[in-house]
Structure formats: C-alpha cells, structure tokens
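FYI, it's all coordinate maths here, none of it is from the lab. Being a predicted model, the structure only gives us computed values, none of them experimental. Positions of Cβ are backbone-derived with ideal geometry, glycine not excepted, and every protein chain shown enters the neighbour counts.
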Amino acid sequence: MTDRKLTPRQRMQALMFKAPLMIDCKTFDSFVVDYLDGHLPKPLRFRFETHLRFCPECKAFLNDYKKVIAVTQSQKETHKVEVPHALVEAVLRSIPNET
C-alpha cells in the first residue's frame, strides 16, 4: 500500500509507530495488566497512553479487557460459595500431625 492510498490518520499512525518512544501493539499488550493495576512507571505509562490514542485496535482491546475484568468481578460477588464448617473440620482432621 502506498502513502497516497492511506488516510491522513493512517499516515499519522504509521509515523507515530516509527517514532523512537512509541511502542508497538505487542509491547502495548504486555503492559496492559501493569497499566490497569497502576504499576506502570510514568515514562512507560506515557508511551502506553500515546499508543492508545493512535491505535483503535489496542483501544478496543483494552476496553474489552476491562469489560472482562468487570464481568469476572461481578461473578465472584454473586457466586460466593460457603464451605460447610464440618467439611473444613474433616479436612483438617485428615491431615496427619507431625509432632
């Protein structure tokens, strides 16, 4: 594909992804968990967020990832299972004493 067939946004994306501080989609993917947990150092967070602004695929991926986390969390809350106390006691009694 030549530059003449690219939209202005696509040309901008192509340039941005070649910039020295820009990360590619694979690197973006490897930073998602740290980004959402707030553990991405400030310089990397800046590069991550810059990529996010220019890459609709990664933006969609991040949004989908957040939705999966939200659904998973809501399922944890609605499907809590209480373990019967008698079962806990039986398991503990079955463990041999090492005295």
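Numbers at a glance
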read-out: Karplus-derived 3J(HN,Hα), 6.51/-1.76/1.60, for each residue of the range 86-91, Hz, glycine and proline x; value: 4, 5, 4, 4, 5, 5
read-out: Entries in LYS26/LYS80; LYS5/LYS42; LYS5/LYS59; LYS42/LYS80; LYS5/LYS66 that, when Cα-Cα distance is taken, lie over 31 Å; value: LYS26/LYS80; LYS5/LYS42; LYS42/LYS80; LYS5/LYS66
read-out: Virtual spin-label span in nm between ASN63 and LEU21, 7 Å along Cα→Cβ; value: 2.7 nm
read-out: Highest average packing first - 22-28, 67-73, 90-96, 40-46, Cβ atoms within 10 Å; value: 22-28, 40-46, 67-73, 90-96
